[in-house]
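Asker: Before we start, here is the structure in question, set down as structure tokens.
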Amino acid sequence: MNIFNKVTLQSMKKSRTRTIVTVIGVALSAAMITAVSTFAVSLQNYMVNGAIQKYGG
């Protein structure tokens, strides 16, 4: 495992900009997935509550 760590660190040091952009991209992707799933659950709850109020449970 040590050789893999060594090669990885060398590659990351050579291209710092690429590494930083990749980390930012992964963080933004995780935030986007969380936001979309939260929106979907919230919308579903809103629709269910509206149907319960309209049709009376």
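Asker: Could you give each residue of the stretch 12-18 its phi-based ³J(HN,Hα) in whole Hz, using Karplus coefficients 6.51, -1.76, 1.60 with θ = phi - 60°, and x for Gly or Pro?
Answerer: Using θ = phi - 60°, the values come out as 5, 5, 5, 10, 5, 4, 4 Hz.
Asker: Let me ask something else about it. Multiply the residue separation of residue 34 and residue 48 by 0.36 nm, subtract the distance between their alpha-carbon atoms, and state the gained length in nm to one decimal.
Answerer: 2.9 nm
Asker: Still on this structure, I have one more. At 1.4 Å probe size, with no ligands or nucleic acids counted, give the accessible surface of residue 20 in Å², nearest ten.
Answerer: 100
Asker: Turning to a different aspect of this structure: In Å², what does the accessible area per residue of the stretch 3-55 work out to with a 1.4 Å probe?
Answerer: Values: 5020 Å² over 53 residues.
About 95 Å² of surface per residue is accessible.
Asker: Could you work out the pair-distance distribution P(r) of the chain from its alpha-carbon pairs, with 10 angstrom bin width and percents rounded to whole numbers?
Answerer: 20, 22, 19, 15, 12, 9, 3
The values are calculated or read from the model by the stated rules, or taken from the named source; none is laboratory data. Note that the structure is a prediction, hence the values are computed from the model and not measured. Accessible surface is based on the protein model in full, side chains and every heavy atom, while ligands, DNA and RNA are left aside. Shrake-Rupley method; radii C 1.70, N 1.55, O 1.52, S 1.80 Å.
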